[in-house]
1. Under unit Cβ charges (Lys, Arg +1; Asp, Glu -1), what dipole magnitude, rounded to 20 debye, does the range 353-473 have relative to its Cα centre?
2. Rounded to the nearest 20 debye, what is the charge dipole size of the chain about its Cα centre when +1 sits on each Lys and Arg Cβ and -1 on each Asp and Glu Cβ?
3. From the residues THR225, THR429, ALA294, which one has its Cα farthest along the dipole of the chain in the positive direction, the dipole being from +1 and -1 charges on Cβ of Lys/Arg and Asp/Glu about the Cα centre?
4. Using Cβ contacts closer than 10 Å as the measure, can you line up LEU64, LEU131 from fewest to most?
5. Hey, which aspartates and glutamates would be in cross-link range of LYS279, C-alpha to C-alpha under 13 Å, not counting anything within fewer than 8 residues on its own chain?
6. Short version: ³J(HN,Hα) in whole Hz for each residue of the range 61-67, in order, from phi by Karplus 6.51 cos²θ - 1.76 cosθ + 1.60 (θ = phi - 60°), x for Gly and Pro, what are they?
7. According to a simple spin-label model (label point 7 Å from Cα along Cα-to-Cβ), what is the distance in nm between ARG419 and ASN320?
8. Just want the answer: with Cβ charges of +1 for Lys and Arg and -1 for Asp and Glu, which residue in ALA53, PRO101, ALA174 is farthest toward the dipole's positive end in the range 49-179?
Amino acid sequence: MNTENLRAAIVACTALMAACAPVPKIDLPADDRNAVVEATTTWGTGEAAWPTAGWWSRYEDPVLSSLMKDILVANPSIALARAHASASAAVAEAQASSLRPHFGIRVAPGRQQISANGMFPAPFGGQTFTLLEIASALTYRLDLTGVARAQVGARVQEAAAAREEAARAAEAVAATTARVYFELAAAIADRESLAHIYQQVVRIRAIADARADAGLDAAAAAHHTAAETEAFVEQLAAADERIARAKEVLAALAGQGPDAMQGLQPKALAAAHSLALPKDMRLGLLARRADVRAARDRVAAVAYEQVAAHRAYLPDLEFNANFGLQSRTAGRLFESGSHEWSAGPALSLPIFDGGQRAAAVRIQDAQYAAMRADYQATVIRAVDEVSRALSGRTANAASLAAVEKAKDADVLAMKSVERRYAAGISAETELHAAQIHVLEREREIIRLVARAKTLDVDLIEALGGTTREEKAK
């Protein structure tokens with residue numbers, strides 16, 4: 001067989017063996033959508049669309065929208081998650097290169113001294129000569145066992161999980177930003193109500209002091225009123241702390257110093273319609289949750305590693321080919337006699353390894369069981385988060401309705417006291433006390449309205465609220 005026929009035969013055999021290489025199959029968790037449907041019969045149904053990118057625009061708050069834009073760009077956690085996703089993608093690409101042919105060229109000019117007292121006698125021994133070499137090498141791993149393909153599959157699934165985790169990190173940051181923003185708005189509104197109550201308490205204290213000085217009331221009543229006044233001073237200080245802390249948290253989310261958000265003034269807190277439930281919520285939940293998709297990708301990654309570990313017992317085959325030129329003089333380097341080449345397969349068959357492969361199989365089997373359990377836990381957590389948000393919205397709506405009715409009753413009582421005070425029947429302290437009751441109800445309403453907004457955000461996040469439009473598809 002001449003050289004050309006030999007080369008053609010080698011190439012044909014290589015292609016045939018590569019085409020016969022098995023594609024690894026993996027065992028993935030069963031689709032849990034039906035289980036979710038059966039376990040969530042109390043969720044109810046809706047006809048609204050699922051949350052999409054920019055879901056915070058539904059609040060029609062330009063301050064929140066601007067803040068969200070800045071934080072999603074500058075947040076360090078999002079940047080870290082995206083960098084990790086990019087690195088995982090690069091690792092997957094590097095692993096995939098093991099399935100492709102590798103070709104390289106080496107040029108090695110040099111001078112060599114042959115020992116006169118070595119294995120080569122004179123006249124060859126003792127000479128110094130120039131050696132010029134140009135060599136090329138082609139390596140191709142056939143992967144007949146599928147181990148390399150399984151390892152590539154593992155890296156690809158890990159990269160997919162990293163992308164989902166980056167998306168989930170952005171969703172979590174967006175939800176946290178909205179919650180803290182509404183908490184800040186509530187804290188500012190609550191502080192204003194507290195200030196109004198404090199003014200009323202100061203007036204009541206002045207009246208109590210005057211009556212005690214005139215001997216109309218015991219001094220103990222004045223002391224009690226003074227203690228109540230100081231208690232409200234403490235509450236005002238606590239409200240200032242809540243406002244400052246919320247601004248510091250927002251600054252940290254934006255990757256800035258604690259004073260960066262001191263000038264932030266959120267839009268006044270106002271009641272809004274609750275988020276309408278999306279259609280087919282129970283069926284679509286798992287497909288939209290980035291953490292559930294990431295957990296499933298991690299199961300797939302370990303499943304591929306499991307396949308690789310089990311197939312490591314099989315022999316592997318690699319094809320190597322080398323071609324080069326070698327000469328002692330530059331003028332003869334490219335002559336036909338300077339050619340050198342080699343080509344052929346290399347079979348690898350590990351026999352004894354001290355239990356290394358058996359241990360690798362046990363490790364991957366355990367890892368697979370752990371990742372399946374993690375996937376199930378993630379599904380349960382997703383369902384629980386939606387359930388808690390829905391039940392919280394129901395309870396909060398009932399509480400808000402009750403408090404609003406109570407406020408209406410307090411307003412009627414205050415107006416009655418105002419009329420009695422104008423007629424000289426009621427004391428001024430009674431009027432201030434009635435006004436305080438109304439202000440306290442307003443504080444409760446502020447808290448429940450803010451709670452309603454944060455529960456909406458909780459539900460959006462639980463449903464897989466997206467920060468990128470492509471995730472909503």
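Readers should treat all values here as calculations from the given coordinates under stated rules, not as data from a laboratory. Given the structure is predicted, the values throughout are model-derived calculations rather than measurements. Positions of Cβ are backbone-derived with ideal geometry, glycine not excepted, and every protein chain shown enters the neighbour counts.
1. 200
2. 1400
3. Going by the charge dipole, the pick is ALA294.
4. LEU131, LEU64
5. List returned: GLU47.
6. Taking θ as phi minus 60°, the curve returns 10, x, 5, 5, 4, 5, 4 Hz for the range 61-67.
7. Going by the 7 Å Cα→Cβ label model, 10.5 nm.
8. Farthest towards the positive pole: PRO101.
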